[in-house]
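Structure, as structure tokens:
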Number of protein chains: 4
Amino acid sequence: MEDQSQPDQASPEVQKRIQDSFDRQGLMAHLGATLTRIAPGRVHIELPGRPEVTQQHGYFHAGATSAIADSAGGYAAYTLFPEDTDVLTVEYKINLLAPAAGDRIEAVGTVLKSGRTLTVCQLEVFGVQDDGERKLVANGQQTLIRVKRPEQ
Amino acid sequence: MEDQSQPDQASPEVQKRIQDSFDRQGLMAHLGATLTRIAPGRVHIELPGRPEVTQQHGYFHAGATSAIADSAGGYAAYTLFPEDTDVLTVEYKINLLAPAAGDRIEAVGTVLKSGRTLTVCQLEVFGVQDDGERKLVANGQQTLIRVKRPEQ
Amino acid sequence: MEDQSQPDQASPEVQKRIQDSFDRQGLMAHLGATLTRIAPGRVHIELPGRPEVTQQHGYFHAGATSAIADSAGGYAAYTLFPEDTDVLTVEYKINLLAPAAGDRIEAVGTVLKSGRTLTVCQLEVFGVQDDGERKLVANGQQTLIRVKRPEQ
Amino acid sequence: MEDQSQPDQASPEVQKRIQDSFDRQGLMAHLGATLTRIAPGRVHIELPGRPEVTQQHGYFHAGATSAIADSAGGYAAYTLFPEDTDVLTVEYKINLLAPAAGDRIEAVGTVLKSGRTLTVCQLEVFGVQDDGERKLVANGQQTLIRVKRPEQ
């Protein structure tokens, strides 16, 4: 899926647009998530482990896993949209493949198909240890819609 | 789907088991979510609006919506499980039907099919105003698995 | 979900538009499926059991179950669309709740949310015995898009 | 996703087990689908275009696309199962990315995660022209369960 000819980073304008939008998502800050890579059609978001994001057994809660996966996919789509538009999630489906353990989790959203109205993304979430061990803990698929940005 | 002959509340033992598990979910407390109804095969969770749970336009973030939907479905399944078991989400799919606005959102998880190994739930999330107005903002479907509880 | 105030049948024009489209679906005829009810926002399709629609154990194949579910949802959406439009399935998710046994299966597509661009439907498939016994064998959720009909 | 170190073909025993099961699926023969590759954790199924598998615009019907995708994923899972077991689809979700045009369509089911009870597969369907052109027309994700084979 990864096209090696793609540049590793989106243009500064696109990066700024996405970072600004991310910074307005109160939930991302509240969870402690950060944007770690913004490439054309691919965005990474990381979330460090701490008690505030757990489920009943101490693993990352599926809601936290899904939240950063949803945002990563949404912003991956958004990297390919024109300036005066916005992105909304239509739906997504996610399989929780393994307990989401790790020092942090990393969500990767990748555009599979970019259309004029709808975009489809693949969502992956990895559990990552500080020693570099990395395991796929969730995999999903997401549909997004491009909308005109409302006048400010 | 709602069977009117069902009791409105689960037994005290089941309610306690679910409340205890919910209280161990760090994410639910961190978001500010509370369990508001525990009936056999149906669980309600509410989340008040505040800046910490928003997306970039000030609505409830899909990740917050999904987090309480996932927990509501999981606990709805869990109401029907035997004492020495646990519940894990296998996967879910959710459609975000409308901007999740409201003074609070309420997730309702309802068991559609309860099997020996797998349970399927319907997930609904409503945007609720303090004046009582109520609108369906998300609808989903979830698969859960019953596992033996690990020895403590 | 069923609004009892809804009329039981769509207008003759809408019924004709849908029956005509259905008749152009080579797959529905090849499977042996028929449209059995066209109400506003709700469409039923039936498929009789026969060896041509089975999986390896003699039950209805998930592909047959899904095919009539997808068409029932698509036409349910289409009952609410203006004359010069068409409907396309964006995506769907379906849980196969029980072996699809029965003298026939019946798919019911019901509009959950009808928007200007996107429509979301609930999909249900029942296994039905000639003696009237009826069992939910599959449950799903579908997203559809309204497109302008191409000039003929 | 494709692990190049994987053998290109499953063992003769596994191939025979899967071909035998496929041959018992009345629907696959009725549609005209054939198994074209059986590798460990990956199965390909092809379906030639003809009027019997179309939707109202002459493209492959989503039901036909899904039917071979579901079977490809199911058999991909089954290649990794022990002899005395069987495979059932729990659920799947599929995005129809583009009109399914082509001289034939090819479904590829690939195991993403193989567990003791549950297996998760990626589903891809390509529209293929006789001149070799190949386009992704559908992408999905599927959950399967391993069951003990019932005594014959």
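The values are calculated or read from the model by the stated rules, or taken from the named source; none is laboratory data. If you're wondering where the values come from, they're calculated on a predicted model, not measured in any experiment. Ideal geometry is used to build each Cβ from the backbone, glycine not excepted, and the neighbour counts take in all protein chains shown. Heads up: the accessible areas ignore ligands, DNA and RNA and are worked out on the full protein's heavy atoms, side chains in. Shrake-Rupley method; radii C 1.70, N 1.55, O 1.52, S 1.80 Å.
What residue, among those in the stretch B:101-118 that are at pLDDT 95 or above and over 26 Å from C:A98 (Cα atoms), is farthest from the chain's Cα centre (by Cα)?
It comes out as B:D103.
Being within 7 Å of chain C (Cβ to nearest Cβ) and within 24 Å of D:R17 (Cα to Cα) is the filter here; which residues of the stretch D:52-67 pass it?
D:A64, D:S66, D:A67
Residues B:H44, B:H30: which one is facing another protein chain (nearest Cβ under 7 Å) and in contact with a helix residue (DSSP H, G or I) (Cβ under 8 Å, 6 or more places away or on another chain)? Break it down stepwise before answering.
Values: B:H44 fails: facing another protein chain (nearest Cβ under 7 Å).
Selected residue: B:H30, the only one of B:H44, B:H30 that is facing another protein chain (nearest Cβ under 7 Å) and in contact with a helix residue (DSSP H, G or I) (Cβ under 8 Å, 6 or more places away or on another chain).
Quick check on this structure: which one of A:R24, A:R17 is within 14 Å of another protein chain (Cβ to nearest Cβ), touching a residue at least 60 places away in the same chain (Cβ under 8 Å) and among the charged types (D, E, K, R)?
Result: A:R17 is the single residue among A:R24, A:R17 that is within 14 Å of another protein chain (Cβ to nearest Cβ), touching a residue at least 60 places away in the same chain (Cβ under 8 Å) and among the charged types (D, E, K, R).
Check whether at least one residue in the stretch B:90-111 is open to solvent by 30 Å² or more (accessible area, probe 1.4 Å), under 16 Å from B:L31 (Cβ atoms) and either among the polar types (S, T, N, Q) or in contact with a strand residue (DSSP E or B) (Cβ under 7 Å, 6 or more places away or on another chain) (or both), and report yes or no.
Checked the stretch B:90-111: at least one residue is open to solvent by 30 Å² or more (accessible area, probe 1.4 Å), under 16 Å from B:L31 (Cβ atoms) and either among the polar types (S, T, N, Q) or in contact with a strand residue (DSSP E or B) (Cβ under 7 Å, 6 or more places away or on another chain) (or both).
Just checking, how many residues over the stretch A:112-132 are under 27 Å from B:P150 (Cα atoms), open to solvent by 30 Å² or more (accessible area, probe 1.4 Å) and touching a residue at least 40 places away in the same chain (Cβ under 8 Å)? So that I can check it myself, show each step before the final result.
Going residue by residue through the stretch A:112-132, those that are under 27 Å from B:P150 (Cα atoms) are A:125-130.
Right, trim to open to solvent by 30 Å² or more (accessible area, probe 1.4 Å) and you get A:126, A:129-130.
If we keep only those that are touching a residue at least 40 places away in the same chain (Cβ under 8 Å) as well, we get none.
Final tally of qualifying residues: 0.
If you scan the stretch C:36-69, which residues turn out to be in contact with a strand residue (DSSP E or B) (Cβ under 6 Å, 6 or more places away or on another chain) and charged (D, E, K, R)?
C:R37, C:R42, C:E46
Please indicate, with yes or no, whether at least one residue in the stretch D:79-92 is away from chain C (no Cβ under 14 Å), closer than 22 Å to D:R17 by Cα, under 15 Å from the mean Cα position of the chain (by Cα) and without any contact (Cβ under 8 Å) to a residue 60 or more places away in the chain.
Scanning the stretch D:79-92, I find at least one residue that is away from chain C (no Cβ under 14 Å), closer than 22 Å to D:R17 by Cα, under 15 Å from the mean Cα position of the chain (by Cα) and without any contact (Cβ under 8 Å) to a residue 60 or more places away in the chain, so the answer is yes.
Kindly establish whether D:G73 is within 13 Å of another protein chain (Cβ to nearest Cβ), in contact (Cβ under 8 Å) with a residue 24 or more places away in the chain and not β-branched (V, I, T). Write out each step before concluding.
Numbers: within 13 Å of another protein chain (Cβ to nearest Cβ): yes; in contact (Cβ under 8 Å) with a residue 24 or more places away in the chain: yes; not β-branched (V, I, T): yes.
Taking the combined requirement at face value, the residue satisfies it.
How many residues does the stretch D:44-89 hold that are surrounded by fewer than 24 Cβ atoms within 10 Å (Cβ to Cβ) and over 24 Å from D:V111 (Cα atoms)?
Qualifying residue count for the region: 10.
Filter the stretch D:1-34 for residues that are open to solvent by 30 Å² or more (accessible area, probe 1.4 Å), among the aliphatic types (A, V, I, L, M) and modelled with pLDDT of 95 or more and give the result.
Result: D:A29, single match.
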